[in-house]
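Asks: Before we start, here is the structure in question, set down as structure tokens.
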Amino acid sequence: MNEKALKVLEYPKIIQKLTEYAASAPAKELCRNLVPVSDLSQIRRMQTETTDAVSRLLRKGNISFSGLTDLRPSLRRLEIGSALNIEELLRVCRLLETTGRVKAWSRSARTGEEEPQDDSLEELFAGLSPLTPLAQEITRCILSEEEIADDASPGLRQVRRQMHQTNDRIRQQLNALVNGQTRTYLQDAVITQRNGRFCIPVKAEYRGQVPGMIHDQSSTGSTLFVEPMAVVKLNNDLRELELREEKEIEIVLATLSSQVADHSDAINDNILLLTELDFIFARARLSLSYKGSEPDFNEDGRIRIKKGRHPLLDAKKVVPVDIRIGDDFTMLVISGPNTGGKTVSLKTVGLFTLLGQAGLHIPASDHSELSVFDEVYADIGDEQSIEQSLSTFSSHMTNIVSFWEQADERSLVLFDELGAGTDPTEGAALAIAILSNLHRREVRTIATTHYSELKVFALSTPGVENGCCEFSVETLRPTYRLLIGVPGKSNAFAISEKLGLPDYVIAEAKEHLSQEAESFEDVISDLESTRILVEREREDANRYRLEMEELKKRLERKEDRLESSRDEILRKAREEAQSILRDAKEYADEAIRKYNRLGNASGSQKEMERERAKLREKVSGLQNDNSLKTAKRAKKELTAKDLRVGDSVKVLSMNLRGTVSTLPDAKGNLFVQMGILRSQVHIKDLEKLEDELPAYAKGPSSKVSGSGKIKMSKSATISAEINLLGMTTDEAIVELDKYLDDAYLAHLSPVRVVHGKGTGALRKAVHQYLRRQKHVASYRLGEYGEGDAGVTIVEFK
């Protein structure tokens with residue numbers, strides 16, 4: 001690719017961002033040298049690697065290449081027999097540790113049944129050799145860049161033990177001098193070192209009192225640093241031991257270097273593989289940063305970008321664009337007002353092509369299509385570019401001439417404001433000639449323009465299509481949507497009118513328009529209005545289609561549930577019928593056996609009658625059960641008109657009886673008071689009960705015996721509450737008096753008196769009545785969840 005196109009389309013800025021995601025210097029260098037290629041197989045391989053790396057990052061999390069450095073110069077020194085220093089060996093160790101960490105990350109990313117069996121990176125991970133024993137040996141021998149372990153070799157351990165012993169003997173000798181008779185000759189009672197030899201600070205006037213070698217003196221000359229004769233030999237021995245230590249360290253480093261040299265090929269392969277992996281995962285991190293996807297490539301010159309976003313614009317503000325070329329047209333002419341997004345759309349196509357052919361993902365929807373081009377030529381006016389620099393007509397022509405002969409069917413040519421910067425008539429004619437020539441050569445071309453002549457050219461030339469960047473005249477702002485198939489308007493008159501330019505100026509300006517130009521603008525306006533109308537109708541149709549699909553799914557789900565319920569009901573019914581038949585058969589068989597036995601034995605007639613009576617009761621019981629079930633199934637659902645406040649109902653889901661407190665709302669929900677529990681239920685969950693007893697008695701509980709006597713049980717018939725709503729104070733007191741007597745006899749405590757809030761007159765009358773009742777222990781207003789001030793809770797003694 002030519003350097004000018006790369007620069008104009010801001011490809012280096014993407015490469016700079018890519019370089020920041022690489023961890024190692026070798027991978028950063030690969031990123032800086034990344035350029036688009038034209039080999040389709042290589043492009044697809046790189047795209048697949050980037051996609052697989054993104055997939056691994058999303059599954060496993062981040063991966064670190066922090067210990068990767070280029071050790072190839074050190075490895076070349078090993079080839080000629082040189083030894084590595086401590087720092088180089090530690091770098092080898094860090095490289096091997098990074099290799100092991102990366103390989104372990106790869107294995108852990110593969111765990112789980114849902115993990116893919118293979119991807120394009122598996123071979124790279126499999127080729128890594130952590131060389132764990134070598135890394136452990138280096139770690140054991142080298143503690144840091146300044147320290148070698150004592151156990152690095154037996155010789156080094158012995159030398160350091162002797163050095164420690166000699167050091168202790170020197171300090172013992174010097175401590176005896178410092179703390180002995182020579183103390184008065186010393187400036188300070190300390191032991192110090194000069195030139196690697198132990199000394200004591202002696203006052204200058206007593207230099208002759210302390211025999212030894214002078215190694216240094218203070219800046220004032222008042223202190224001399226003397227090595228006493230008693231420790232000279234010990235210091236010499238210590239110096240010899242230090243030289244032996246250096247030789248032992250050299251031996252240790254040489255041994256480790258030899259081991260590294262034995263594995264130099266594997267280490268060199270690790271460097272290359274880790275560098276390649278770091279480079280690949282840098283591309284993956286870049287893709288994740290702008291939510292990129294892998295494009296589909298072809299060699300047919302076809303481009304279909306879906307929801308493309310320029311990667312250098314703010315992701316929160318950029319408007320995605322849909323761009324296509326190469327299907328039924330090979331040239332696209334984009335028009336529209338300034339700052340409407342024409343240049344951004346142009347750069348998006350060019351930059352996406354470069355990124356895709358460099359193996360990078362593009363910030364667009366999945367399965368966007370790009371074509372492989374040998375060259376991308378861009379003549380973009382910098383006054384509209386992100387760079388904000390300027391250019392002239394001559395520089396534009398110079399740029400066009402530079403690639404005019406090389407452009408062919410495997411080239412992508414981008415023009416921004418083609419023919420601008422000169423006389424409009426000549427510029428438009430020149431632009432039409434350039435585009436016509438490129439069109440005949442089947443060069444994929446996208447151009448932006450303000451010239452109406454180019455819009456007419458696109459409308460009248462087969463294989464050339466118009467496009468425009470949408471602009472809202474109401475808000476005076478571009479929408480940045482690219483529309484294919486519709487030429488754009490400059491909207492100069494509408495914008496000027498909105499900004500306050502007098503009407504008479506605009507009217508005069510319109511008079512200067514030619515009839516052809518005015519007619520063309522009217523055609524564009526009609527097309528724009530028609531497009532907006534069609535777009536709205538299409539959106540409405542899509543919305544209706546989605547609603548119909550949702551309704552269809554809901555109906556299908558409901559039908560499935562009904563079918564399942566029907567099958568379940570039939571199954572249970574069959575099972576119940578079989579059970580009834582089996583019981584009836586067994587009972588009938590038993591009855592026949594008894595009849596036969598009683599008949600043969602000429603038994604009692606009364607016993608046979610009793611058996612017949614039992615059989616009749618059994619049959620009647622089955623018929624009654626069947627009648628009850630049929631009645632329950634036939635019971636119709638309640639409606640809002642069937643209920644009034646105070647009606648007795650049964651909550652089916654809770655199997656509790658209660659009283660209606662409120663009427664149903666629009667959704668069918670209402671409140672029901674069940675004892676001290678007040679709950680919101682749906683009307684479909686209710687069954688209305690017939691009030692055969694007073695409001696406080698729930699359901700009939702009378703039994704008619706054979707003698708015709710009626711027996712009533714207070715505890716079974718008295719409710720835990722009485723509803724006085726809608727009554728006068730006199731009526732309420734009469735009902736309350738009777739209810740409290742019955743509740744007291746039934747040992748029912750506490751009870752709930754519903755009187756409502758209203759004006760408070762009914763509540764006051766109830767409380768005055770309760771104060772006079774000797775069998776009432778206490779009473780209080782209800783709390784939250786009991787009915788608040790609308791009820792009174794009464795406790796009996």
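The values are calculated or read from the model by the stated rules, or taken from the named source; none is laboratory data. Everything quoted here is computed from the prediction, not taken from an experiment. Backbone-built Cβ (ideal geometry, glycine too); neighbour counts: all protein chains shown. The accessibility values were calculated without ligands, DNA or RNA, using every heavy atom of the protein model including side chains. Shrake-Rupley method; radii C 1.70, N 1.55, O 1.52, S 1.80 Å.
Asks: Go through segment 740-797 and name the chymotrypsin sites (Phe, Trp or Tyr not before Pro) that are in a DSSP coil and have 14 or fewer other Cβ atoms within 10 Å of their Cβ.
Replies: The qualifying sites are Tyr784.
Asks: Towards the positive end of the charge dipole of segment 93-205, with charges on Cβ (+1 Lys, Arg; -1 Asp, Glu), say which of Thr98, Ser153, Pro201 has the farthest Cα.
Replies: Of the listed residues, the answer is Pro201.
Asks: Further question: Can you return the aspartates and glutamates within cross-link range of Lys684? Criterion is Cα-Cα under 18 Å, with same-chain partners fewer than 8 residues away left out.
Replies: In chain and number order, the partners are Glu637, Asp642, Asp647, Asp665.
Asks: Positive end of the charge dipole of segment 202-303 (Lys, Arg +1 and Asp, Glu -1 on Cβ, about the Cα centre): tell me which of Ser222, Ile251, Asn235 has its Cα farthest that way.
Replies: The listed residue farthest towards the positive side: Ser222.
Asks: Please give me, ordered by residue number, the trypsin sites (Lys or Arg not before Pro) of segment 751-795 that lie in loop per DSSP and have at most 15 other Cβ atoms within 10 Å.
Replies: Lys757, Arg772, Lys774
Asks: May I ask you to derive the FRET efficiency for Tyr206 and Ile251 from their Cβ-Cβ distance with R0 = 56 Å, giving the value to the nearest 0.05?
Replies: Computed FRET efficiency for Tyr206 and Ile251 comes out at 0.75.
Asks: Continuing with this model, one more query. Name the GluC sites (Glu not before Pro) in segment 157-266 that are in a loop by DSSP and that have at most 10 other C-beta atoms within 10 Å, would you? Before the final figure, lay out the partial values.
Replies: Numbers: sites: Glu205, Glu240, Glu242, Glu245, Glu246, Glu248, Glu250; in loops: none.
Passing sites in segment 157-266 do not exist.
Asks: Sequence-distant or interchain residues sharing an amide H contact under 5 Å with Gln217, placed H: which?
Replies: Amide H neighbours of Gln217: Phe225.
Asks: Label-point separation (nm) for Arg554 and Lys572, each offset 7 Å from Cα along Cα-to-Cβ?
Replies: The modelled label-to-label distance comes out at 2.7 nm.
Asks: Report the paramagnetic label zone for Val401: residues of segment 428-445 whose backbone N is under 20 Å from a point 7 Å from Cα along the Cα-to-Cβ axis.
Replies: Counting backbone N atoms under 20 Å from the label point, the list is 428-438.
Asks: Which percent of the accessible area of segment 308-356 is formed by carbon and sulfur heavy atoms (probe 1.4 angstrom)? Walk me through the intermediate numbers first.
Replies: Details: 820 of 1560 Å².
Carbon-and-sulfur percentage of accessible area, whole number: 53.
Asks: List the residues, sorted by chain then number, that are 5 or more residues from Ile362 or on another chain and whose placed amide H is less than 5 Å from its amide H.
Replies: Ser293
Asks: Taking only pairs that are 8 or more places apart or on different chains, how many Lys pairs in segment 241-340 have Cα atoms under 16 angstrom apart?
Replies: Values: Lys291/Lys306; Lys291/Lys307; Lys291/Lys316; Lys291/Lys317; Lys307/Lys316; Lys307/Lys317.
Eligible lysine pairs with Cα atoms under 16 Å apart amount to 6.
Asks: Length gain on complete extension for the stretch Arg239 to Ser41, per 0.36 nm per residue less the alpha carbon to alpha carbon distance? Write down the numbers at each step before the final one.
Replies: Values: separation 198, 0.36 × 198 = 71.28 nm, distance 6.69 nm.
Length gained between Arg239 and Ser41: 64.6 nm.
Asks: Still on this structure: I need the phi-derived Karplus couplings for segment 340-349: 6.51 cos²θ - 1.76 cosθ + 1.60, θ = phi - 60°, integer Hz, Gly and Pro marked x.
Replies: x, x, 5, 5, 4, 4, 4, 5, 4, 4
Asks: A further question on this structure: Points 7 angstrom from Cα along the Cβ direction at Asp151 and Asn179: gap in nanometres?
Replies: 3.5
Asks: Stretch Lys13-Ala777 to full length: gain in nm at 0.36 nm per residue minus the Cα-Cα span? Write out the running numbers ahead of the final one.
Replies: On the way: separation 764, 0.36 × 764 = 275.04 nm, distance 8.73 nm.
Additional length available on full extension: 266.3 nm.
Asks: Please list, ordered by chain and number, the residues whose modelled amide H lies under 5 Å from the amide H of Ser719; skip anything fewer than 5 residues away on the same chain.
Replies: For Ser719, whose amide H was placed from the backbone, the distant partners under 5 Å are Ala697, Lys698.
Asks: Multiply the residue gap between Lys317 and Arg194 by 0.36 nm, knock off their C-alpha separation, and tell me the result in nm, one decimal place.
Replies: 37.3 nm
Asks: If you don't mind, another one. Residue by residue, what Karplus-based ³J(HN,Hα) values in Hz, rounded to whole numbers, does segment 317-328 have, using 6.51, -1.76 and 1.60 with θ = phi - 60° and x for Gly and Pro?
Replies: 10, 5, 9, x, 10, 10, 10, 9, 6, x, 8, 9
Asks: Mind listing the phi-derived Karplus ³J(HN,Hα) values for segment 420-431, rounded to whole Hz, using 6.51, -1.76 and 1.60 with θ = phi - 60°, and x for any glycine or proline?
Replies: The phi angles translate into 7, x, 9, 4, x, 5, 5, x, 5, 5, 5, 5 Hz.
Asks: Highest mean first, what order results for 285-297, 498-510 on Cβ atoms within 10 Å?
Replies: 285-297, 498-510
Asks: Right, next: Beyond 30 Å between alpha-carbons counts as too far, so tell me which of Lys13/Lys455; Lys7/Lys28; Lys7/Lys342 fall in that bin.
Replies: Details: Lys13/Lys455 34 Å; Lys7/Lys28 20 Å; Lys7/Lys342 19 Å.
As for pairs spanning more than 30 Å Cα to Cα, those are Lys13/Lys455.
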